[in-house]
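All of the numbers you see were taken from the coordinates with simple rules; none came from a lab. Just so you know, these numbers come straight off a predicted model, no measurement behind them. FYI the Cβ positions are ideal-geometry reconstructions off the backbone, even for glycines, and counts take in every protein chain you see.
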Amino acid sequence: MDTITKSNRVRLLVLALTIFASGAALAACGGSDHEKRTGIVEGERFEMGPLEYNVLFTRPLNPSDVEDKEYLVGQPEPGPDQSYIGVFLQAENLDEDDAHALPGSFKLVDTEGNTFENLESESSYALRTGADVGPEDVVPALDSTPEVGPIEASMLLFLVDDPSLEKRPIELEVDGEDGPASVELDL
């Protein structure tokens, strides 16, 4: 009778370990949806819920440059030790039934944790933060100024303190349904 009891104990132990391992695996899956997603680089597509993003290009913008003036419409001259940075991206709504909103704001973060929120922009190239993206639609919209422009992407505009530009890597933080994502910029 002791052998049957030992056998039942082993079965119970195996069952308990299986339940524990299954619970841990499920908890890890559920928890990862809200953890910060890192390791994304410029040019790499990534999904945040039903929206897929691709940060194509990042560069400083020169208020004296003919092309850059179009990106800086309505913006004052940067202060001493400040620079405008343009982050150019595309987004696509993968949902075939419902519209989904872009985040209301985006942030640049340097290695010391200094953050810079995107500026509102009058430029025809600017990404309209908080706007709805229709089912299976893309941003920028087909045949729009930013889509047919030189970079073929919508722009997020930032005013950054120059010392922060040396604290690399600088990352773009994108909020979404799956928790924030962090894109390392080639700046």
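Hey, quick one: spin label on Glu70, modelled 7 Å out along Cα-Cβ, who in the stretch 144-159 has an amide N within reach, i.e. under 17 Å? Residues 144-157 qualify, since their backbone N sits under 17 Å from the label point.
The phi-based Karplus calculation (6.51 cos²θ - 1.76 cosθ + 1.60; θ = phi - 60°) puts the 3J(HN,Hα) values of the stretch 42-58 at 3, x, 9, 6, 8, 9, 10, x, x, 9, 10, 10, 8, 7, 7, 6, 9 Hz, whole numbers, x for Gly and Pro. Oblate is the label for the stretch 37-184, because the ratio a/c of its alpha-carbon gyration tensor axes (a ≥ b ≥ c) is 1.5 or higher and a/b is not greater than b/c. For the stretch 93-103, the Karplus equation 6.51 cos²θ - 1.76 cosθ + 1.60, evaluated at θ = phi - 60°, returns couplings of 8, 7, 7, 8, 10, 10, 7, 9, 8, 5, x Hz by residue, with Gly and Pro reported as x. Rounded to whole numbers, the Karplus 3J(HN,Hα) couplings from phi for the stretch 179-186 are x, x, 10, 10, 10, 6, 8, 8 Hz, using 6.51 cos²θ - 1.76 cosθ + 1.60 with θ = phi - 60°, and x at Gly and Pro. Residues of the stretch 85-108 with an amide N closer than 19 Å to a point placed 7 Å from the Cα of Thr145 along the Cα-to-Cβ direction: 85-91. Close amide-amide hydrogen proximity is noted between Val133 and His100, Ala101, Leu102, each under 5 Å apart and 5 or more residues distant or on a separate chain (H modeled in the peptide plane; Pro and chain starts excluded).
Per-residue packing, averaged as other Cβ atoms within 10 Å, sorts the ranges 110-119, 89-98 into the order 89-98, 110-119, beginning with the highest.
Could you give the length gained on full extension between Asp97 and Asp161, defined as 0.36 nm per residue of separation minus the Cα-Cα distance, in nm? Mind dumping the intermediate values first?
On the way: separation 64, 0.36 × 64 = 23.04 nm, distance 4.20 nm.
This chain segment gains 18.8 nm when fully extended.
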